[in-house]
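Report on one structure; see the data block that follows.
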Amino acid sequence: MAGTEMSHRLSLDQIARASTVIDPVFLDTPQLRAESLEAALGCRLVVKVETLNPIRCFKGRGASFFAEGLPAGAPVVCASAGNFGQAMAYTCRRRGAGAVIFASVHANPLKVERMRALGADVRLHGADFDAAKLEAKRYAAAHGLQMVEDGLQPAISEGAGTIAVELLRWPESFDDLVVPLGNGALVTGMGRWMKAHAPATRVVGAAAAGAPAMVESWRSGRIVTYEQVDTIADGVAARLPVPEAVADMDGTVDETMLVQDTTILAAMRLIHEHLGLVIEPAGAIGVAAILADPARFHGRLVATVLCGANLTPRQIADWLTPTGDGSRR
């Protein structure tokens, strides 16, 4: 698939501007060679750590940039698996505005607790994220409120694109950039900037095999939906793709990969063992993709984003400790 500068929905100028207006607490995150991981992966690896901020994830960039364009004090409605909701709650609190956030009844309890602690009105509805999103849309329409949909509003993706602005300060050119793929805001924002400023770098979107809707939609050129998803990676567990986000992948993403949960879990444990970082499943999918196909990345300089660290104590015990059984809790 190929895109053009004239037609692309995401603006390079807006990504550059976002780097100057996003809340500084989310900017200039660490990026480093993960040398101790490289023997296990077979490539040279640079990780961008997006978890050292008040919400432990990258979502604050897009939420902050989107909110910059809202009227002062304007309340918003959104749906979230937990991380985007934290970002909107944090940003709305800073603006002195209300946030009504819909999440699944099965949402990560730590993320729900953090959204509420940040002042959001959190409402649990439906069996998964997409069911919660449909209810959020209904509620917003019924009450005449602004619905914020991650992956739909360009500013959210453009805010995420600032990660690539910073990553390209690295003194060497990357062969590959492997980015977690959920609703598409992260990979399209970063890919938009990367393809304009480092076109030789291959942008790879990595999704969970148990939630393949975005990958299958992009590969087939039509929107593919699922009745349910099955993955531990709740942050990328989309079953109803945002059509605009799929279109945004045109010209920004070179290839996609689907990764099994067992490999995601192995990647989380490797990251914890070698880097001392607690990373949630969706945040570790970039490393998992490399682990899943080491021959594809062998000997190359690869960059990825560790983009979320919101795990419950029970998940940490089950997923990251030597005695953990890897079960879903």
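The values are calculated or read from the model by the stated rules, or taken from the named source; none is laboratory data. None of the values given here were measured: they were computed from a predicted structure. A quick note on method: Cβ atoms are made from the backbone with ideal geometry, for glycine too, and the neighbour counts reach across all protein chains shown.
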Inset, instruction - Please find, among GLU35, GLU50, the residue that is acidic (Asp, Glu), in contact with a Lys or Arg (Cβ under 9 Å, 6 or more places away or on another chain) and crowded, with 19+ Cβ neighbours inside 10 Å. - result: GLU50
Legend entry - ASN53 assigned by TED's automatic domain parsing to the domain that holds GLY189 and either closer than 29 Å to GLN14 by Cα or among the basic types (Lys, Arg) (or both): yes
Inset, instruction - May I ask you to verify whether GLY221 is within 17 Å of GLY161 (Cβ to Cβ), small (Gly, Ala, Ser) and at pLDDT 95 or above? - result: no
Inset, instruction - Can you confirm whether region 147-170 contains a residue that is outside any helix (DSSP H, G or I), surrounded by fewer than 23 Cβ atoms within 10 Å (Cβ to Cβ), among the aromatic types (Phe, Trp, Tyr) and at pLDDT 95 or above? - result: yes
Inset, instruction - Pairs only if they're at least six apart or on different chains, beta carbon under 6 angstrom, first in region 244-256 and among the hydroxyl-bearing types (Ser, Thr, Tyr), second modelled with pLDDT of 95 or more and part of a strand (DSSP E or B); list them, first residue then second. - result: THR256/GLY205
Legend entry - Residue that is surrounded by the most Cβ atoms within 10 Å (Cβ to Cβ) [pool: residues in region 53-69 that are free of Cβ contacts under 8 Å to residues at least 40 places away in the same chain and assigned to a helix (DSSP H, G or I)]: GLY60
Legend entry - From ALA233, ALA200, ALA267, residue being modelled with pLDDT of 95 or more, of a type in the set (Gly, Ala, Ser), over 15 Å from the mean Cα position of the chain (by Cα) and closer than 28 Å to ILE316 by Cβ: ALA267
Inset, instruction - Determine if region 224-232 includes at least one residue that is in a helix (DSSP H, G or I) and either hydrophobic (A, V, I, L, M, F, W, C) or over 21 Å from THR162 (Cα atoms) (or both). - result: no
Inset, instruction - State all residues of region 263-294 that are free of Cβ contacts under 8 Å to residues at least 12 places away in the same chain and farther than 24 Å from ILE55 by Cβ; if no residue qualifies, say none. - result: GLU273
Legend entry - Filter result for the condition that a residue is of a type in the set (S, T, N, Q) and closer than 20 Å to PRO24 by Cβ, over SER64, SER104: SER64
Inset, instruction - Restrict the check to region 203-218 and report whether at least one residue is in a loop (DSSP other than H, G, I, E, B) and over 17 Å from PRO281 (Cβ atoms). - result: no
Inset, instruction - Return only the number of the condition from (1) out of contact with any helix residue (DSSP H, G or I) (no Cβ under 7 Å at 6 or more places or on another chain); (2) touching a residue at least 60 places away in the same chain (Cβ under 8 Å) that ARG222 does not satisfy. - result: (2)
Legend entry - Test set (1) over 18 Å from the mean Cα position of the chain (by Cα); (2) buried (at least 24 other Cβ atoms within 10 Å of the Cβ); (3) without any contact (Cβ under 8 Å) to a residue 60 or more places away in the chain - VAL105 fails condition number: (2)
Legend entry - Where GLN228 falls short, out of the listed (1) more than 24 Å from ASN310 (Cα to Cα); (2) out of contact with any helix residue (DSSP H, G or I) (no Cβ under 8 Å at 6 or more places or on another chain): (1)
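Per-residue answers, yes or no, for (1) more than 25 Å from LEU181 (Cα to Cα); (2) at pLDDT 95 or above; (3) buried (at least 24 other Cβ atoms within 10 Å of the Cβ):
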residue	(1), (2), (3)
MET88	no, yes, yes
ALA99	yes, yes, yes
LEU110	no, yes, no
MET115	no, yes, yes
GLY119	yes, yes, no
ALA131	no, yes, no
GLU135	no, yes, no
